[in-house]
Structure formats: structure tokens, C-alpha cells
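What follows is a single structure, written as C-alpha cells, with notes after it.
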Amino acid sequence: MLSHAENERITRTGAGTPMGNAFRRYWLPAFLSRELPENDGAPLRVKLLGEDLVAFRDTTGAIGLVDAFCPHRRAPMFFGRNEECGLRCVYHGWKFDKDGTCVDMPSEPPDSLFKTKVTIASYPVWEGGGIAWAYLGPRELQPPYPDYEFCRAPDTHRFVSKTFQACNYLQALEGGLDSSHATIMHNMNIGDRGFLRDYDSLVPQIDVERTPYGYNYTGIRSLGDKQWVRLYHYIMPVTQIRGRIQDPTIPDLMPTINGHFWVPMDDENVCTYNWMYAYDEARPVTPEYAAFVEQYTGRGPDDFDPKHPYRLKQTLANDYEIDRAVQKTKTFTGIRGVNTQDVALQEGMGPIVDRSQEHLGTTDRAIIVLRQLLLEAASDVEAGKTPRGVDSADYQRVRALDHIIPQELDWQVALKDERLARF
Ligand code: FES
Ligand SMILES: [Fe+2]
């Protein structure tokens with residue numbers, strides 16, 4: 001559990017808050033590159049760490065990310081004209097380039113120097129892995145660009161999607177890093193443990209090891225003469241990298257590395273990025289395979305609200321369309337879609353869960369360390385130090401594991417090369 005004060009400190013990421021200052025030391029996913037498909041196309045509204053922003057792809061293809069409101073009289077820049085390397089406010093025509101410089105001010109006399117004195121707040125953007133990443137922190141402290149293997153994998157071998165969730169980022173992040181719920185809540189066939197049905201104890205031996213980028217988490221389960229080795233990484237502040245679960249009962253699963261980013265839009269909304277890449281170079285991620293995975297997880301074309309491209313139809317308002325008959329006879333939750341089950345539980349806790357009311361058990365270790373690391377980052381930034389995980393060199397070679405190997409092998413030796421990035 002956390003005290004009420006700690007809970008406030010860890011969940012609030014707006015400008016000027018301790019955790020907000022820590023988050024502003026990292027590159028964060030701001031939106032998908034494909035949301036700005038063409039140069040000089042329509043701008044995009046972006047909400048990040050409680051800030052209202054507008055993104056546009058200029059004439060050269062570079063992205064600008066600026067304050068959502070014009071510095072003149074605060075008109076909405078979203079309605080602006082994206083033309084000739086700048087976004088022009090349609091109220092009085094002031095125009096700003098991607099760096100926030102005012103390049104035209106037609107409402108002032110031609111010899112006026114006023115335009116040299118006015119800028120619009122803007123943030124640097126870097127594109128990688130099909131994602132536009134933004135850095136909202138002090139310019140002089142801008143860290144190296146993100147360097148995940150996911151970003152370096154060929155476009156043909158990668159897929160990324162996103163979903164909006166109506167809850168604080170930490171509920172979603174904790175849900176993702178909490179592996180102990182997976183075999184319980186996500187059980188899709190109660191009474192049958194699938195390929196694990198032949199084994200008595202499935203309680204894994206768990207180890208959480210702090211690293212320069214966050215932590216790695218190992219869960220080793222004994223399966224008779226074999227062992228099931230799962231290793232995932234938490235990379236600060238909002239990333240998980242995990243393997244594709246080994247489950248022969250789900251046909252056609254490709255060897256992929258998967259992950260999420262859980263990015264605060266504001267304190268009560270989080271954008272969840274869902275990504276995977278195939279590490280067998282001979283087997284690209286086809287659109288059909290990506291569609292199969294998205295459908296299975298609850299993000300098929302029919303799962304989204306037609307009015308909101310990233311919001312699910314199943315919401316708290318309709319109890320996520322829980323089917324009590326299915327819950328009695330078939331699946332543990334009675335809720336359709338594996339990730340929708342996560343969303344239902346995380347949103348159902350309320351916008352910001354009160355962690356002073358919790359009772360944490362032994363399997364909550366990863367959650368406890370996660371909170372320690374986030375609070376440590378806030379304190380480090382307050383003390384003028386660089387928080388953990390800012391330097392992408394610290395995590396650029398990591399890769400997750402999900403392997404079943406003979407019991408007698410030392411997995412650290414047997415899987416030594418498997419856990420290193422090759423793209
Ligand atoms: S409010 Fe934007 S130019 Fe006047
Ligand atoms: Fe889950």
C-alpha cells in the first residue's frame with residue numbers, strides 16, 4: 001500500500017508536479033506516425049501529461065508539436081491551416097513553424113518586430129517504431145532518442161496499435177506488470193488449464209532484479225522434465241517488453257516480442273500502445289496476423305466505438321458487456337477480449353485508485369518495486385539528479401524471453417543469446 005500522500009505523488013503527472021517533472025525527463029509516445037499520414041495534412045489533437053497540444057506534419061514531413069492554443073488570443077490551433085512549413089492560426093493568421101517560431105504575423109504592420117518576440121510553446125518530436133515520441137522536458141536535459149529493438153525492427157516485422165483507457169496511467173501500468181493475474185483472470189476455459197493441465201503446481205519462482213533502466217522480472221515454472229522460463233523487462237517510466245506466451249493450444253502464434261507503453265494523457269486517462277515485432281527475419285508480421293492478434297485481445301474492427309477510433313465499445317457504462325452465463329460456464333470474467341478484461345478491471349477501480357486501502361501479497365513484488373522506482377525517479381529529479389532509464393544505451397540490447405526448455409539446463413546459460421537483441 002501507499003500512503004495517501006505517496007499515492008497523490010505517484011499518480012499526478014501534470015506540469016510542475018514531482019512525478020510530472022520526472023516524466024518530462026523521458027521521451028514518451030505521443031501518437032502513432034500514421035495518424036499524420038501526409039505532409040501539410042490535417043493537424044491532430046494530442047493530450048499528453050495533462051497538456052493540450054496540436055501536432056502537424058509540415059511540408060518537409062517533419063512533425064511540429066505545439067500548444068493547442070494560439071499565443072495571440074488563444075484560438076484553437078487545431079483549426080489552423082497547415083501550409084508551407086508552418087501552422088497558421090485561422091483567427092488572425094499568425095503562423096508558426098514546427099519549432100514554435102512565429103514566421104508570419106499579417107495582422108501587424110509589415111515593419112513591426114512584434115513577431116520576433118512571440119513564440120508558441122513547442123516540443124521536439126522523434127519518429128521511430130511507427131510512433132511519434134515527444135520530449136516535454138527542459139531542452140538542455142534532452143536525453144538520447146529511444147532505442148528499443150522494436151524501433152529498429154524492419155517495418156515489415158512490426159505492428160503497433162493504441163487504445164484509450166479512462167483511468168490513471170498507474171492502474172494500467174501495474175496491470176501490465178502484474179503477471180500473477182494472467183492465469184486467473186484471463187483463463188478463457190475454466191475447468192481446463194490448457195497445455196498446463198498436466199502439472200500440479202504452477203506457482204512460479206519469481207525474481208525481480210533492479211537494473212539501470214528499471215527492472216527485469218523472471219518467473220520460472222517447473223513443468224515435469226521441462227521448465228517454463230519467462231523474463232520480462234520494465235523500462236522506465238512506462239514500458240514493458242515481454243515474450244509471446246508459449247501456448248500450443250492457440251494455433252499459429254508467431255515468435256514475437258511484445259510490449260506496451262502506458263502513457264498518461266492526463267491524470268484520469270491513459271493511452272495504451274500495444275506493439276509486437278517478429279524476430280525471425282524469415283517471417284514478417286502480415287496484416288492478417290496482426291488482425292488475428294488484435295481480434296483475440298479485444299481490438300478487432302467491431303470492438304471500437306464508431307465515434308472514437310481508440311475507445312472500446314465495451315465500457316464501464318455497459319459493464320463491458322459482461323455475460324454472466326459465459327462467466328459461469330466458460331471464461332473466468334465473462335468479458336470478451338483479453339485486453340478488454342484488463343481495461344474492465346483497471347477502469348472499474350475508479351479514475352485514481354486509493355492505494356492506502358490495499359493489502360499486498362507475495363505476488364505483488366513487481367508492483368512494489370515499480371512504485372519504488374517511480375517514486376525514486378521523482379525524488380531524483382527533485383534532487384537535481386538524472387532519473388533511472390533516461391539513457392537508451394542502458395536498455396537498447398534487452399529482449400524478453402518466453403521459452404520452455406529442459407529442466408536440467410541452466411536457463412541463464414542456455415538462453416544467454418536469446419535474451420539479446422539482434423535487430
Ligand atoms: S488568436 Fe491566433 S492569430 Fe489571433
Ligand atoms: Fe492482463
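The figures follow:
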| item | result |
| --- | --- |
| GNM flexibility winner over the chain from Ile257, Ile63, Ile368 (Cα, springs under 10 Å) | Ile368 |
| Point-charge dipole on Cβ atoms (K/R +1, D/E -1) for region 27-141, about Cα centre, debye to 20 | 300 debye |
| Cysteines having no other Cys beta carbon under 4.7 Å from their own, within the chain | Cys85, Cys102, Cys151, Cys167, Cys271 |
| Highest-MSF residue in the chain out of Pro76, Pro110, Pro154 [GNM, Cα springs under 10 Å] | Pro110 |
| Kirkwood Rh (inverse of mean 1/r, distinct Cα pairs), region 149-414, angstrom | 19.7 Å |
| Candidates Thr116, Thr256, Thr163: whichever shows maximal mean-square fluctuation once the chain is modelled as a Gaussian network with Cα springs under 10 Å | Thr116 |
| 3J(HN,Hα) from dihedral phi, region 366-371, Karplus parametrisation 6.51/-1.76/1.60, rounded to Hz, x for glycine, proline | 4, 5, 5, 5, 3, 5 |
| Extension gain (nm, one decimal) between Ala393 and His359, 0.36 nm per residue minus Cα-Cα | 8.6 nm |
| Vicinal HN-Hα couplings computed from phi for region 25-37 (Karplus, 6.51 cos²θ - 1.76 cosθ + 1.60; Hz; Gly/Pro x) | 9, 10, 6, 10, x, 9, 5, 7, 3, 6, 6, 10, x |
| Per-selection metrics, region 299-410 (Cα): Rg and Dmax in Å | 20.0, 56 |
| 5 angstrom amide H check on Ala153, placed H, neighbours 5+ away | none |
| Accessible area (Å², 1.4 Å probe, nearest 10) - Lys117 | 150 Å² |
| Note, ³J(HN,Hα) from phi for region 284-294, Karplus 6.51, -1.76, 1.60, rounded to Hz, x at Gly and Pro | x, 7, 6, x, 5, 5, 4, 5, 4, 5, 5 |
| With at most 13 neighbouring Cβ atoms within 10 Å, loop GluC sites (Glu not before Pro) (DSSP) excluded, longest segment of the chain | 85-280 |
| Sparse-neighbourhood loop sites, trypsin sites (Lys or Arg not before Pro) in region 343-423 - DSSP loop, at most 16 other Cβ within 10 angstrom | Lys385, Arg397, Lys416, Arg422 |
| Check: the chain dipole with +1 on Lys, Arg Cβ and -1 on Asp, Glu Cβ, in debye | 240 debye |
| Summed residue charge, Cβ within 11 Å of Asp67's Cβ, Lys/Arg positive, Asp/Glu negative | -1 |
| Charge context of Leu312, other residues only, Cβ under 15 angstrom, K/R +1, D/E -1 | -2 |
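The values are calculated or read from the model by the stated rules, or taken from the named source; none is laboratory data. Worth saying up front: this structure is predicted, and the values here are computed from it rather than measured. Note: ideal-geometry Cβ built from the backbone for every residue, glycine included; neighbour counts use all protein chains shown. What goes into the accessible areas is simple: the full protein's heavy atoms, side chains included, and nothing from ligands, DNA or RNA. Shrake-Rupley method; radii C 1.70, N 1.55, O 1.52, S 1.80 Å.
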